[in-house]
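The values are calculated or read from the model by the stated rules, or taken from the named source; none is laboratory data. Everything numeric in this text was worked out from a predicted model, so none of it was measured. A quick note on method: Cβ atoms are made from the backbone with ideal geometry, for glycine too, and the neighbour counts reach across all protein chains shown. Only protein heavy atoms, including side chains, enter the accessible area calculation; ligands, DNA and RNA are left aside. Shrake-Rupley method; radii C 1.70, N 1.55, O 1.52, S 1.80 Å.
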Amino acid sequence: SFLNHKPAGRLGFVRAQGDRLVFEDGTVARFWGGNLAAYSLFRSKEVIEIQAKRIAQLGYNLMRLHHHDSTEWVKPTVIAQDRDDSQHLDAEALDRVDYWIKCLKDEGVYVWIDLHVGRQFKQGDVQSRFGTIEGFEEIARAKGEVKGFCYYNEAVQGLMRDFAEQYLTHVNPYTGLAYKDDPAVMGVLITNENDLTFHFGNMMLRPHGNLVHNALFEDAVAAFAAAHDLSRAKTMETWLPGPSKIYLNEQEHLFNLSMLHQLEELGVRVPVATTNYWSGSSSFSLPSLTNGGIIDVHSYGEADALDVNPRYTANYVSRVAGGHVDGMPLSITEWNVPYPAMDRFTAPLYVASVAALQGWDAPMLYTYCFEGFQNQTNASTWSTFLDPAVTGITPAAALAYRQGHVRPAERAYCLLFDREHAYYRAVDAGTSATLRTLVETSRITVGLPDVPELDWDAATQPADGVAVLRDADRDFIPPGRHCVESDTGELRRDWVKGIQTIDTPKTQAASGWLGGEAIALGDVEVAVSTPKAVVAVSALDDRPLAESSRALLTVVARVLAVDKRLPFRSEPVVGTVRVRMPAGLSVTALDADGAKGESPAVAYADGMYVIELDGTVGTHWFMIE
């Protein structure tokens, strides 16, 4: 928690400056975050206080507040559920959100606010001061969900703006500030996982039976196609790349313009994301996302990502690269390799190291907590706060990323799309060797063209020193190599062995199939018998390990819950770790709360601490100091 400046917001509001997030005083902002979602938001104040402190202790300085409005399945929510409309806030639920913001702020943890996630529109919403919701029966068939519909339905848009105003102008009694006026709020999302360009554009087609919205859609398509001399039939083929994707970006833009204008009028000063670049998204999903001040990405992974050959296959890290628009900051409000993936413990350091290399601004694990914090009996797919596989390695990841232990890439490239690649093809990490082979090598962003049909877009102008690429399918890994290495020399992933190493002056780590391997880094040597594990040594005093007087040794391997029942069982990491640090230090185990416990067997020889891990000391953390 010493990484956090307290209270959050004391350096002023976060703003976008080119492709970076900075505070008002000019300090570069770098966030290592998580999510507080659904039921976790509405806990007792005692639990909120305890968890806010623990969140900071683990190295987080950002939490996204998510599923605050998902009235179909979360009870309570900030939207009152005892009415026949969705237009009133629940005072008690809102009080818990207020208290979260207050407690997180006190611990130096910033907040990301979503405006629309899972709100259910009800019969009482049909008539409002914004007019009549046309085609409400079609929304009702979707259980009141307005994703997709909202881009065509002006009354729905009015109600969404009304909620945004109520929520953002609400004064938190614990801080004395409206959310919009609190510099501890660092970002805002208009609508979650809700785009036309890939996921919801087909809903308005006639076969889906949403005839009122279909008529609005067809009228809009006809007008757009006629105005720009496009084929009306092709422009209606929303499931295919081509002119339909240009039109769908225009339709998203019109919605974004309305929502962003309102937020500006309300006085929102932090970067706003419109919606997300998420599962299945391609280059044609990006243009309308640039209407906001930050591009937001979602990416979920599977086991054995370190074994993936980037020449041919994308993984969850390379998929993020497809959403990084040149000249704009990037957040990742959702990433995870969810339970029960056996090697999920390799994910935090992998994400942290590549995010630092690329200059991504705010990765957020989904989630810190989803269900709640007490009386947990089953392992959760999403709540990582009690999962040692993820939480055990989180402090090391936070240090590596937030303190700049991993240097940014030395070379920068921009994959500059022309009209064909931007709209008439589906280009993403899955189809682009350029993205896959550069993301762990050098900085890679994507650039967009200016097309005449959109009067609001602009051609990307890469900065001086950025190499422009036109070929989306170029392999940047030298022939015959079975590893990818950063141009800084600090990161290396051997996909044949399934091992990633981080070798910097202040963080040195090895992850993956380590059993039986002898791994030598600058000041750390790892020789363990545990088949798959992560071993990391992190300087805590921001000095090179060889000069440091305080460092954290983290060791994590498989974590199981038998038949999904808690408690988790952690496989010990067994073997020898050697660390070069000054003489005269001790090595002590830390318990789950950071208190000191027993010590492993340690010797000091040839300027290195020889730490023998025999599996009997039940912890993932050791302090060298």
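In table form, for the structure just shown:
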read-out	value
Segment 289-320 residues near the modelled Val496 label - backbone nitrogen below 16 Å, point 7 Å along Cα→Cβ	307-312
Mean Cβ count within 10 Å, highest first, over the residues of peptides 342-353, 83-94, 463-474, 162-173	342-353, 162-173, 83-94, 463-474
Full-extension gain in nm, His261 to Arg20, via 0.36 nm per residue minus C-alpha separation	84.5 nm
For the chain, share of DSSP beta bridges that run antiparallel, in % to the nearest 5	60 percent
Extended-chain gain in nm, criterion 0.36 nm per residue less alpha-carbon gap, Thr169 and Ala595	149.2 nm
The chain: mean projected area of Cα convex hull, nm²	27.4 nm²
³J(HN,Hα) computed for each position of segment 102-116 - Karplus, 6.51 cos²θ - 1.76 cosθ + 1.60, integer Hz, glycine/proline x	4, 5, 4, 4, 4, 8, x, 9, 7, 10, 10, 10, 8, 9, 9
Cβ crowding within 10 Å averaged over residues, with 435-442, 274-281, 491-498 ranked highest first	435-442, 274-281, 491-498
Formal net charge of residues neighbouring Ser40 (Cβ-Cβ distance under 12 Å; K, R +1; D, E -1)	+2
Simple label model, 7 Å out from Cα along Cβ direction - Lys45 to His208, nm	4.5 nm
Within segment 531-567, trypsin sites (Lys or Arg not before Pro) in DSSP loop having at most 15 other beta-carbon neighbours inside 10 Å	Arg550
Set of lysines near Lys147 by C-alpha distance (under 16 Å), chain-local residues within fewer than 8 positions excluded	Lys122
Given charges at Cβ of Lys, Arg, Asp, Glu: segment 141-277 dipole, positive-most of Ile190, Gly201, Tyr277	Gly201
In Hz, Karplus ³J(HN,Hα) per residue of segment 244-249 (6.51, -1.76, 1.60; θ = phi - 60°; x = Gly, Pro)	4, 6, 5, 4, 5, 5
Net charge, His261 excluded, C-beta distance under 13 Å - Lys, Arg +1, Asp, Glu -1	-2
FRET efficiency estimate (nearest 0.05) - Cβ-Cβ, Leu566 to Gln127, R0 60 angstrom	0.80
Cβ crowding within 10 Å averaged over residues, with 483-490, 501-508, 542-549 ranked highest first	501-508, 483-490, 542-549
Anisotropy class of segment 537-625 from Cα gyration tensor, a/c 1.5 cut	prolate
Apportionment of accessible area to carbon and sulfur, the chain, percent (1.4 Å)	50 percent
Karplus 3J(HN,Hα) series, Hz, for segment 481-497 with 6.51 cos²θ - 1.76 cosθ + 1.60 (x for Gly, Pro)	7, 10, 9, 10, 10, 5, 5, 7, x, 8, 10, 8, 10, 9, 6, 6, 7
At most 13 other Cβ within 10 Å, DSSP loop - GluC sites (Glu not before Pro), segment 105-151	none
Principal axis dimensions, largest first and in whole angstrom, of segment 267-307 by Cα	46, 22, 11
Theoretical FRET efficiency, 1/(1+(r/R0)^6), r = Cβ-Cβ of Ala142 and Cys483, R0 51 Å, to 0.05	0.60
Set of lysines near Lys6 by C-alpha distance (under 29 Å), chain-local residues within fewer than 8 positions excluded	Lys45, Lys53, Lys102, Lys105, Lys180, Lys506, Lys596
Dipole in debye (nearest 20) - the chain, about Cα centre, beta carbon charges: Lys, Arg +1; Asp, Glu -1	1000 debye
Virtual spin-label span in nm between Thr381 and Glu154, 7 Å along Cα→Cβ	4.0 nm
Accessible area per residue, Å², segment 451-603 with all protein chains present, probe 1.4 Å	46 Å²
Only Lys, Arg (+1) and Asp, Glu (-1) charged, at Cβ; segment 224-352 dipole about Cα centre in debye	160 debye
Gain on full stretching of the segment that runs from Gln81 to Gln374 - 0.36 nm per residue minus C-alpha separation	103.1 nm
For segment 175-245: accessible area per residue (Å², 1.4 Å)	38 Å²
Size of charge dipole - segment 535-576 - debye, nearest 20, with Cβ of Lys, Arg +1 and Asp, Glu -1, no other charges	280 debye
Amide proton proximity set for Ser299, modelled H, under 5 Å, gap of 5+	Glu334, Trp335, Asn336
Positive-end residue, the chain charge dipole about Cα centroid, Cβ charges, pick of Gly615, Gly144, Val555	Gly615
